[in-house]
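Enquirer: Okay, here's the structure, questions in a sec.
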Amino acid sequence: MTSTIDSSLPPLAPVYPPKDGSATRNESPKLAKLISLLSLQQHIEGGYFVETDRDTNRVPNPFLNTTPSASSSDQTTFYTSTGAEKTRNASTSIHYLLTPESPMGAFHRNRGRTIHTLHRGRGRYVIIHADQVMPEYDSHSGMRAKARVETFIVGQNVEKGERLQWIVDGGKYKSSFLLPLGGEDAADNGGLLISETVVPGFEYSDHDFMRIERLEALVTKEQADEMRWMLRKDDKAV
């Protein structure tokens, strides 16, 4: 069986079963120590994070009194505000960690551009380019929207195409999940640790989660079925 997103790949599936937000996390001593040393806390997207920098320089808010463009198939609400603040911090940075106990970052998007840098571990990212929607003919429903879906592995093996750095522009949905290291380290997964820098600086009002109706509007039914496990599990719409 092949993926509905890329026929050269097996279907997207969790290697470490994701838990809901209320599940108890029993991290290994190695990971518990790392979480403590970096002062990480649980993230609403899944995994752990800590803000490491918030630039005190302020820049004009590029999202001021704007809302993202929507296709006719989109019936969801975007973000939690229209960006009424006149300025934003120039940038913010965080450490972000996925572990076997919290192995997935649920589909979400930010208005700002996000630069990701790998520190250690391996993971798979899935990007839904909601700003690159092309019409596709469906014999059952007629013309429908279909967004480009991209997936890639982040890790140290650049010879095999794994990425050390990747950029996700604003308005695109992303999800990520933990992969085994492979080889001698397969049984000792120390997690996927990265840094993220958001430009302009991150604000929760510039962030929202993918909902099932939005996923089904953007991609084919087969793709939605393959990816629905990457939606936030405690969202009422899932």
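Enquirer: Being in contact (Cβ under 8 Å) with a residue 12 or more places away in the chain and part of a loop (DSSP other than H, G, I, E, B) is the filter here; which residues of region 34-43 pass it?
Expert: Residues satisfying the conditions are LEU38, LEU40, HIS43.
Enquirer: Consider SER69 against the criteria (1) modelled with pLDDT of 95 or more; (2) closer than 23 Å to ILE167 by Cα: it satisfies all of them except one. Which criterion is unmet?
Expert: (1)
Enquirer: Sticking with this structure for a sec: Give all pairs with beta carbons closer than 9 Å in which a residue from region 148-169 that is within 16 Å of LEU98 (Cβ to Cβ) and open to solvent by 80 Å² or more (accessible area, probe 1.4 Å) meets a residue that is assigned to a loop (DSSP other than H, G, I, E, B) and at pLDDT 95 or above; count only pairs at least 6 apart in sequence or on separate chains.
Expert: Matching pairs, first to second residue: GLN156/GLY121; GLN156/GLU162; GLN156/LEU164; ARG163/GLY155.
The values are calculated or read from the model by the stated rules, or taken from the named source; none is laboratory data. Given the structure is predicted, the values throughout are model-derived calculations rather than measurements. Positions of Cβ are backbone-derived with ideal geometry, glycine not excepted, and every protein chain shown enters the neighbour counts. For the accessible areas, the whole protein counts, side chains as well, though only heavy atoms, and no ligand, DNA or RNA atoms are used. Shrake-Rupley method; radii C 1.70, N 1.55, O 1.52, S 1.80 Å.
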